[in-house]
1. Just the Kirkwood number for the range 180-289, please: inverse of mean 1/r across all distinct Cα pairs, in Å, one decimal.
2. Given just the C-alpha atoms of the range 117-248, how large is their convex hull per residue in cubic angstrom?
3. Between Leu319 and Ile221, what length in nm is gained on full extension when 0.36 nm per residue of separation is reduced by their alpha carbon distance?
4. Can you run phi through the Karplus equation (6.51, -1.76, 1.60; θ = phi - 60°) for the range 31-43 and list ³J(HN,Hα) in whole Hz, with x for Gly and Pro?
5. Enumerate by residue number the chymotrypsin sites (Phe, Trp or Tyr not before Pro) in the range 188-284 meeting two conditions: DSSP loop (anything except H, G, I, E, B), and at most 14 other Cβ atoms within 10 Å of the site's Cβ.
6. Using a simple spin-label model with points 7 Å from Cα along the Cα→Cβ vector, what separation in nm is obtained for Phe191 and Glu351?
7. Cα-Cα pairs above 16 Å in the range 217-274: how many percent?
8. If amide H atoms are built 1.01 Å from N in the plane of the peptide, which residues on other chains or at least 5 residues away come under 5 Å of the amide H of Leu319?
Amino acid sequence: MISVYNILTVAKFEAKTLWRSWFFRIFSILSIAVIGFFDFGSLSNVTHAPWAFQGVPTTIPYMNILFLNVAQAIIAVFLASDFLKRDKKLDTTEVVYMRSMTNTDYVLGKTVGIMTMFLLLNIVILLIGFVFNVFFADTTFAGIAYLIYPVVISIPTLIFILGFAFLMMVTIRNQAVTFIVLLGYIGMTLFYLGPKVHNVFDYIAFNIPLTYSQFTGFADITHLLVQRSIYLLFGLSFISLTIVMIRRLPQSRVMTGFARIAGVTCAALAIALIFVYTGRDGDMARQRERILAASETASKKAVATPVSCFIDLKHEGGLIDATAEITVRNDTGSPLTSYIFTLNPGLAVREVSGASGAWDGQHRIRGRTRCLGSQRRALRGAGQRSAPDRGA
(Lines give C-alpha, C1' and ligand atoms only; values in the text may rest on other atoms or scores of the structure.)
Protein backbone atom coordinates (compact mmCIF):
# COMPACT_ATOMS: atom_id res chain seq x y z
CA MET A 1 0.00 0.00 0.00
CA ILE A 2 0.97 3.66 -0.35
CA SER A 3 3.04 4.93 2.57
CA VAL A 4 2.76 8.67 3.18
CA TYR A 5 5.87 8.52 5.36
CA ASN A 6 7.95 6.97 2.58
CA ILE A 7 6.64 9.47 0.03
CA LEU A 8 7.47 12.42 2.27
CA THR A 9 10.91 10.96 3.03
CA VAL A 10 11.78 10.67 -0.67
CA ALA A 11 10.29 14.11 -1.32
CA LYS A 12 12.39 15.62 1.47
CA PHE A 13 15.67 14.28 0.12
CA GLU A 14 14.74 15.15 -3.48
CA ALA A 15 13.89 18.74 -2.47
CA LYS A 16 17.19 19.04 -0.56
CA THR A 17 19.15 17.68 -3.51
CA LEU A 18 17.36 20.02 -5.88
CA TRP A 19 17.97 23.02 -3.64
CA ARG A 20 21.70 22.24 -3.53
CA SER A 21 21.80 22.13 -7.33
CA TRP A 22 23.37 25.30 -8.74
CA PHE A 23 21.38 24.74 -11.92
CA PHE A 24 18.12 25.21 -10.02
CA ARG A 25 19.53 28.07 -7.94
CA ILE A 26 20.69 30.02 -11.00
CA PHE A 27 17.34 29.43 -12.71
CA SER A 28 15.47 30.66 -9.64
CA ILE A 29 17.61 33.78 -9.27
CA LEU A 30 17.29 34.65 -12.97
CA SER A 31 13.51 34.11 -12.89
CA ILE A 32 13.10 36.34 -9.85
CA ALA A 33 15.35 39.04 -11.33
CA VAL A 34 13.74 39.09 -14.79
CA ILE A 35 10.14 39.05 -13.54
CA GLY A 36 11.03 41.60 -10.84
CA PHE A 37 12.40 44.01 -13.47
CA PHE A 38 9.34 43.37 -15.62
CA ASP A 39 7.00 44.23 -12.74
CA PHE A 40 9.01 47.34 -11.94
CA GLY A 41 8.90 48.52 -15.55
CA SER A 42 5.18 47.78 -15.87
CA LEU A 43 3.85 48.87 -12.49
CA SER A 44 6.20 51.43 -10.99
CA ASN A 45 5.13 55.07 -10.86
CA VAL A 46 8.47 55.90 -12.48
CA THR A 47 7.33 54.33 -15.75
CA HIS A 48 4.08 54.51 -17.69
CA ALA A 49 2.23 51.29 -16.93
CA PRO A 50 0.22 49.71 -19.77
CA TRP A 51 -3.52 50.21 -19.53
CA ALA A 52 -4.10 46.47 -19.06
CA PHE A 53 -2.30 46.50 -15.70
CA GLN A 54 -4.39 49.44 -14.49
CA GLY A 55 -7.76 48.39 -15.91
CA VAL A 56 -7.45 44.65 -15.20
CA PRO A 57 -5.51 44.14 -11.93
CA THR A 58 -5.46 40.35 -12.37
CA THR A 59 -3.07 40.85 -15.29
CA ILE A 60 -0.22 41.28 -12.80
CA PRO A 61 -0.23 37.73 -11.31
CA TYR A 62 -1.28 36.32 -14.68
CA MET A 63 1.77 37.64 -16.54
CA ASN A 64 4.13 36.68 -13.71
CA ILE A 65 2.90 33.08 -13.59
CA LEU A 66 2.71 32.81 -17.40
CA PHE A 67 6.33 33.93 -17.89
CA LEU A 68 7.53 31.63 -15.12
CA ASN A 69 5.48 28.74 -16.49
CA VAL A 70 7.18 28.91 -19.89
CA ALA A 71 10.63 28.89 -18.25
CA GLN A 72 9.91 26.21 -15.65
CA ALA A 73 8.37 23.91 -18.27
CA ILE A 74 11.77 23.86 -19.99
CA ILE A 75 13.91 23.67 -16.84
CA ALA A 76 11.74 20.90 -15.36
CA VAL A 77 12.72 18.71 -18.32
CA PHE A 78 16.38 18.79 -17.30
CA LEU A 79 15.67 18.28 -13.61
CA ALA A 80 13.08 15.52 -14.07
CA SER A 81 15.04 13.53 -16.64
CA ASP A 82 18.18 13.82 -14.53
CA PHE A 83 16.90 11.95 -11.50
CA LEU A 84 17.61 8.38 -12.70
CA LYS A 85 21.07 9.18 -14.00
CA ARG A 86 21.92 11.27 -10.94
CA ASP A 87 20.79 8.49 -8.58
CA LYS A 88 23.07 5.93 -10.24
CA LYS A 89 26.05 8.23 -10.76
CA LEU A 90 26.15 10.12 -7.46
CA ASP A 91 24.27 7.71 -5.17
CA THR A 92 22.05 10.57 -4.03
CA THR A 93 19.32 8.16 -2.90
CA GLU A 94 21.46 5.66 -1.01
CA VAL A 95 19.57 6.61 2.15
CA VAL A 96 16.27 6.05 0.32
CA TYR A 97 17.11 2.77 -1.41
CA MET A 98 17.98 1.11 1.88
CA ARG A 99 14.35 1.45 2.94
CA SER A 100 11.71 -1.05 1.93
CA MET A 101 9.27 0.88 -0.23
CA THR A 102 7.21 0.38 -3.35
CA ASN A 103 7.95 1.98 -6.70
CA THR A 104 4.78 3.99 -6.18
CA ASP A 105 6.20 5.58 -3.02
CA TYR A 106 9.51 6.25 -4.75
CA VAL A 107 8.17 7.89 -7.94
CA LEU A 108 5.47 9.86 -6.11
CA GLY A 109 8.09 11.07 -3.62
CA LYS A 110 10.32 12.26 -6.45
CA THR A 111 7.36 14.05 -8.04
CA VAL A 112 6.29 15.70 -4.79
CA GLY A 113 9.85 16.86 -4.06
CA ILE A 114 10.31 18.53 -7.45
CA MET A 115 6.79 19.98 -7.42
CA THR A 116 7.40 21.46 -3.95
CA MET A 117 10.48 23.38 -5.06
CA PHE A 118 8.82 24.76 -8.18
CA LEU A 119 5.67 25.75 -6.30
CA LEU A 120 7.78 27.59 -3.73
CA LEU A 121 9.33 29.49 -6.62
CA ASN A 122 5.80 30.27 -7.87
CA ILE A 123 4.94 31.69 -4.44
CA VAL A 124 8.04 33.91 -4.47
CA ILE A 125 7.15 35.23 -7.92
CA LEU A 126 3.58 35.97 -6.78
CA LEU A 127 4.90 37.77 -3.70
CA ILE A 128 6.92 40.06 -5.98
CA GLY A 129 3.79 40.87 -7.96
CA PHE A 130 1.89 41.37 -4.70
CA VAL A 131 4.44 43.91 -3.38
CA PHE A 132 4.38 45.95 -6.58
CA ASN A 133 0.60 45.65 -6.83
CA VAL A 134 -0.06 46.90 -3.29
CA PHE A 135 2.74 49.38 -2.65
CA PHE A 136 3.82 50.75 -6.02
CA ALA A 137 1.01 50.40 -8.58
CA ASP A 138 -1.98 52.71 -8.75
CA THR A 139 -4.46 49.86 -9.17
CA THR A 140 -6.72 47.65 -7.08
CA PHE A 141 -5.68 44.33 -5.55
CA ALA A 142 -7.36 41.14 -6.81
CA GLY A 143 -6.45 38.51 -4.23
CA ILE A 144 -8.39 35.66 -5.84
CA ALA A 145 -6.14 35.76 -8.93
CA TYR A 146 -3.07 34.97 -6.82
CA LEU A 147 -4.72 31.68 -5.87
CA ILE A 148 -6.29 30.80 -9.21
CA TYR A 149 -3.36 31.17 -11.60
CA PRO A 150 -0.90 28.74 -9.96
CA VAL A 151 -3.64 26.10 -9.82
CA VAL A 152 -4.87 26.66 -13.37
CA ILE A 153 -1.54 27.30 -15.12
CA SER A 154 1.45 25.96 -13.17
CA ILE A 155 0.23 22.71 -11.59
CA PRO A 156 -1.16 21.02 -14.76
CA THR A 157 1.94 22.06 -16.74
CA LEU A 158 4.38 20.80 -14.11
CA ILE A 159 2.61 17.47 -13.58
CA PHE A 160 2.43 16.90 -17.33
CA ILE A 161 6.05 17.74 -18.10
CA LEU A 162 7.39 15.84 -15.08
CA GLY A 163 5.39 12.76 -15.98
CA PHE A 164 6.40 13.03 -19.64
CA ALA A 165 10.09 13.39 -18.73
CA PHE A 166 9.93 10.46 -16.28
CA LEU A 167 8.27 8.23 -18.87
CA MET A 168 10.70 9.17 -21.64
CA MET A 169 13.66 8.55 -19.35
CA VAL A 170 12.56 5.06 -18.27
CA THR A 171 11.61 4.22 -21.88
CA ILE A 172 14.58 5.60 -23.81
CA ARG A 173 17.12 5.22 -20.94
CA ASN A 174 19.39 7.80 -22.54
CA GLN A 175 19.44 11.30 -21.08
CA ALA A 176 20.79 13.06 -24.19
CA VAL A 177 18.15 11.53 -26.47
CA THR A 178 15.47 12.31 -23.86
CA PHE A 179 16.56 15.96 -23.85
CA ILE A 180 16.36 16.16 -27.64
CA VAL A 181 12.90 14.57 -27.76
CA LEU A 182 11.43 16.69 -24.95
CA LEU A 183 12.98 20.00 -26.04
CA GLY A 184 11.89 19.32 -29.61
CA TYR A 185 8.35 18.71 -28.38
CA ILE A 186 8.37 21.89 -26.29
CA GLY A 187 9.75 23.98 -29.16
CA MET A 188 7.22 22.59 -31.64
CA THR A 189 4.38 23.16 -29.17
CA LEU A 190 5.46 26.67 -28.21
CA PHE A 191 6.18 27.99 -31.70
CA TYR A 192 3.93 25.96 -34.00
CA LEU A 193 1.40 23.53 -32.54
CA GLY A 194 0.25 25.70 -29.61
CA PRO A 195 -2.41 27.77 -31.40
CA LYS A 196 -3.48 24.91 -33.69
CA VAL A 197 -6.75 22.98 -33.32
CA HIS A 198 -8.25 25.48 -30.87
CA ASN A 199 -5.13 25.44 -28.60
CA VAL A 200 -5.52 21.77 -27.73
CA PHE A 201 -1.71 21.25 -27.93
CA ASP A 202 -0.95 24.24 -25.71
CA TYR A 203 0.10 22.48 -22.49
CA ILE A 204 1.87 25.65 -21.26
CA ALA A 205 -1.38 27.67 -21.55
CA PHE A 206 0.51 30.34 -23.52
CA ASN A 207 -2.18 30.94 -26.15
CA ILE A 208 -5.31 30.41 -24.04
CA PRO A 209 -7.21 33.57 -22.97
CA LEU A 210 -6.85 33.44 -19.18
CA THR A 211 -7.41 37.02 -18.09
CA TYR A 212 -9.69 36.92 -15.07
CA SER A 213 -12.33 39.63 -14.61
CA GLN A 214 -13.47 40.47 -11.10
CA PHE A 215 -16.94 41.09 -12.58
CA THR A 216 -17.49 38.25 -15.05
CA GLY A 217 -14.72 35.78 -14.10
CA PHE A 218 -13.06 33.87 -16.95
CA ALA A 219 -14.41 34.25 -20.48
CA ASP A 220 -15.32 30.55 -20.61
CA ILE A 221 -14.54 28.59 -17.45
CA THR A 222 -15.69 25.25 -18.93
CA HIS A 223 -13.40 25.67 -21.93
CA LEU A 224 -10.49 26.45 -19.62
CA LEU A 225 -11.04 23.61 -17.15
CA VAL A 226 -11.40 21.00 -19.88
CA GLN A 227 -8.17 22.07 -21.59
CA ARG A 228 -6.14 22.11 -18.39
CA SER A 229 -7.67 18.81 -17.21
CA ILE A 230 -6.39 17.14 -20.38
CA TYR A 231 -2.77 17.76 -19.42
CA LEU A 232 -3.32 17.10 -15.75
CA LEU A 233 -4.71 13.65 -16.63
CA PHE A 234 -1.95 12.94 -19.16
CA GLY A 235 0.63 13.87 -16.53
CA LEU A 236 -0.94 11.53 -13.96
CA SER A 237 -1.07 8.80 -16.60
CA PHE A 238 2.64 9.21 -17.44
CA ILE A 239 3.61 9.15 -13.76
CA SER A 240 1.55 5.97 -13.24
CA LEU A 241 3.19 4.29 -16.25
CA THR A 242 6.61 5.32 -14.93
CA ILE A 243 5.82 3.43 -11.72
CA VAL A 244 5.11 0.32 -13.81
CA MET A 245 8.15 0.61 -16.11
CA ILE A 246 10.90 1.79 -13.74
CA ARG A 247 13.69 -0.76 -13.31
CA ARG A 248 13.49 -1.35 -9.60
CA LEU A 249 12.00 -4.11 -7.47
CA PRO A 250 8.29 -3.19 -7.30
CA GLN A 251 7.83 -4.51 -3.72
CA SER A 252 4.06 -4.71 -4.29
CA ARG A 253 2.25 -6.33 -7.19
CA VAL A 254 -1.01 -4.79 -6.00
CA MET A 255 0.34 -1.25 -6.27
CA THR A 256 1.94 -2.01 -9.63
CA GLY A 257 -1.37 -3.29 -10.94
CA PHE A 258 -3.17 -0.27 -9.53
CA ALA A 259 -0.64 2.05 -11.21
CA ARG A 260 -1.17 0.25 -14.52
CA ILE A 261 -4.95 0.67 -14.27
CA ALA A 262 -4.60 4.32 -13.20
CA GLY A 263 -2.27 5.06 -16.13
CA VAL A 264 -4.63 3.59 -18.72
CA THR A 265 -7.72 5.18 -17.13
CA CYS A 266 -6.21 8.68 -16.92
CA ALA A 267 -4.98 8.47 -20.51
CA ALA A 268 -8.43 7.34 -21.72
CA LEU A 269 -10.13 10.19 -19.84
CA ALA A 270 -7.66 12.71 -21.29
CA ILE A 271 -8.32 11.47 -24.84
CA ALA A 272 -12.07 11.65 -24.22
CA LEU A 273 -11.70 15.24 -23.01
CA ILE A 274 -9.78 16.08 -26.19
CA PHE A 275 -12.81 15.05 -28.26
CA VAL A 276 -15.11 17.02 -25.94
CA TYR A 277 -12.85 20.07 -26.15
CA THR A 278 -12.40 20.08 -29.93
CA GLY A 279 -16.08 19.31 -30.53
CA ARG A 280 -17.16 22.19 -28.30
CA ASP A 281 -14.77 24.58 -30.00
CA GLY A 282 -16.04 23.36 -33.37
CA ASP A 283 -19.57 24.32 -32.28
CA MET A 284 -18.31 27.77 -31.27
CA ALA A 285 -16.58 28.19 -34.64
CA ARG A 286 -19.80 27.31 -36.43
CA GLN A 287 -21.67 29.76 -34.19
CA ARG A 288 -19.27 32.53 -35.19
CA GLU A 289 -19.85 31.63 -38.82
CA ARG A 290 -23.61 31.93 -38.31
CA ILE A 291 -23.13 35.31 -36.63
CA LEU A 292 -21.04 36.55 -39.57
CA ALA A 293 -23.56 35.23 -42.08
CA ALA A 294 -26.45 36.91 -40.23
CA SER A 295 -24.51 40.18 -40.03
CA GLU A 296 -23.69 40.11 -43.75
CA THR A 297 -27.33 39.43 -44.62
CA ALA A 298 -28.57 42.23 -42.37
CA SER A 299 -25.99 44.70 -43.71
CA LYS A 300 -27.50 44.47 -47.20
CA LYS A 301 -30.96 45.53 -46.02
CA ALA A 302 -32.26 49.06 -45.53
CA VAL A 303 -32.37 50.07 -41.88
CA ALA A 304 -33.98 52.86 -39.92
CA THR A 305 -31.89 55.70 -38.50
CA PRO A 306 -31.68 55.84 -34.66
CA VAL A 307 -32.84 59.15 -33.24
CA SER A 308 -32.53 58.51 -29.51
CA CYS A 309 -31.92 55.63 -27.13
CA PHE A 310 -32.61 55.28 -23.42
CA ILE A 311 -31.27 52.20 -21.58
CA ASP A 312 -32.21 51.11 -18.08
CA LEU A 313 -29.59 48.51 -17.03
CA LYS A 314 -29.51 46.58 -13.76
CA HIS A 315 -26.72 44.34 -12.44
CA GLU A 316 -27.89 41.18 -10.70
CA GLY A 317 -24.73 39.40 -9.58
CA GLY A 318 -23.24 37.89 -12.72
CA LEU A 319 -26.30 38.88 -14.77
CA ILE A 320 -27.43 42.07 -16.45
CA ASP A 321 -31.07 42.93 -17.08
CA ALA A 322 -31.70 45.82 -19.47
CA THR A 323 -34.68 47.63 -20.94
CA ALA A 324 -34.11 49.93 -23.93
CA GLU A 325 -36.39 52.49 -25.57
CA ILE A 326 -35.19 53.39 -29.06
CA THR A 327 -36.68 56.02 -31.35
CA VAL A 328 -35.92 55.47 -35.04
CA ARG A 329 -36.66 57.38 -38.24
CA ASN A 330 -36.93 56.13 -41.82
CA ASP A 331 -34.43 58.07 -43.94
CA THR A 332 -34.22 55.49 -46.72
CA GLY A 333 -36.78 57.17 -48.98
CA SER A 334 -38.88 54.00 -49.28
CA PRO A 335 -41.28 52.20 -46.95
CA LEU A 336 -39.82 49.74 -44.41
CA THR A 337 -41.51 46.48 -43.59
CA SER A 338 -39.27 45.67 -40.61
CA TYR A 339 -36.71 47.16 -38.27
CA ILE A 340 -33.35 45.39 -37.88
CA PHE A 341 -31.25 45.74 -34.74
CA THR A 342 -27.85 44.18 -34.09
CA LEU A 343 -27.20 42.99 -30.53
CA ASN A 344 -24.41 41.17 -28.73
CA PRO A 345 -25.02 37.41 -29.27
CA GLY A 346 -24.69 36.86 -25.52
CA LEU A 347 -27.94 38.77 -24.98
CA ALA A 348 -31.19 36.84 -24.82
CA VAL A 349 -34.06 38.98 -26.13
CA ARG A 350 -37.11 38.69 -23.90
CA GLU A 351 -39.55 41.08 -25.51
CA VAL A 352 -39.80 43.63 -28.34
CA SER A 353 -42.81 45.93 -28.68
CA GLY A 354 -43.72 49.06 -30.65
CA ALA A 355 -45.20 52.19 -29.09
CA SER A 356 -48.90 52.86 -29.63
CA GLY A 357 -50.43 56.21 -30.52
CA ALA A 358 -50.35 58.63 -33.41
CA TRP A 359 -47.61 58.25 -36.05
CA ASP A 360 -45.49 61.40 -36.24
CA GLY A 361 -42.84 60.31 -38.70
CA GLN A 362 -40.95 58.34 -36.09
CA HIS A 363 -41.47 55.01 -34.40
CA ARG A 364 -40.54 54.09 -30.85
CA ILE A 365 -39.54 50.52 -29.98
CA ARG A 366 -39.13 49.03 -26.53
CA GLY A 367 -37.08 45.89 -25.87
CA ARG A 368 -35.96 43.84 -22.85
CA THR A 369 -32.86 41.67 -22.75
CA ARG A 370 -31.10 39.50 -20.20
CA CYS A 371 -27.55 38.21 -20.30
CA LEU A 372 -25.39 35.89 -18.18
CA GLY A 373 -22.10 37.72 -17.95
CA SER A 374 -19.62 34.84 -18.37
CA GLN A 375 -21.70 32.36 -20.41
CA ARG A 376 -21.75 32.14 -24.18
CA ARG A 377 -25.24 31.84 -25.58
CA ALA A 378 -26.56 30.52 -28.85
CA LEU A 379 -27.05 32.93 -31.73
CA ARG A 380 -29.93 35.18 -30.69
CA GLY A 381 -28.57 38.58 -31.61
CA ALA A 382 -30.32 39.39 -34.85
CA GLY A 383 -33.94 40.38 -34.21
CA GLN A 384 -36.56 41.91 -36.49
CA ARG A 385 -39.69 43.83 -35.58
CA SER A 386 -42.48 44.37 -38.10
CA ALA A 387 -43.62 47.98 -38.50
CA PRO A 388 -46.17 49.90 -40.63
CA ASP A 389 -45.17 50.65 -44.22
CA ARG A 390 -44.73 54.35 -43.66
CA GLY A 391 -41.94 56.74 -44.55
CA ALA A 392 -40.57 59.43 -42.33
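The values are calculated or read from the model by the stated rules, or taken from the named source; none is laboratory data. Only a predicted model underlies this, so the values are computations on that prediction, with no experimental measurement involved. Note that we place each Cβ from the backbone using ideal geometry, even for glycine, and neighbour counts take in every protein chain shown. Keep in mind that these areas ignore ligands, DNA and RNA; they rest on the heavy atoms of the full protein, side chains included. Shrake-Rupley method; radii C 1.70, N 1.55, O 1.52, S 1.80 Å.
1. On the way: mean 1/r = 0.0627 Å⁻¹.
After inverting the mean inverse Cα-Cα distance, the result is 16.0 Å.
2. Working: hull volume 17.4 nm³, N = 132.
So the per-residue hull volume is 132 Å³.
3. On the way: separation 98, 0.36 × 98 = 35.28 nm, distance 1.59 nm.
Net length gain for the segment: 33.7 nm.
4. Computed from phi, the couplings for the range 31-43 are 5, 5, 5, 5, 5, x, 5, 5, 5, 5, x, 8, 10 Hz.
5. On the way: sites: Phe191, Tyr192, Phe201, Tyr203, Phe206, Tyr212, Phe215, Phe218, Tyr231, Phe234, Phe238, Phe258, Phe275, Tyr277; in loops: Phe201, Tyr203, Phe206, Tyr212, Phe215, Phe218.
Filter output for the range 188-284: Phe215.
6. 6.0
7. On the way: 807 of 1653 pairs.
Across the range 217-274, Cα pairs with separations above 16 Å total 49 percent.
8. So Leu319 has HN proximity to Gly373.
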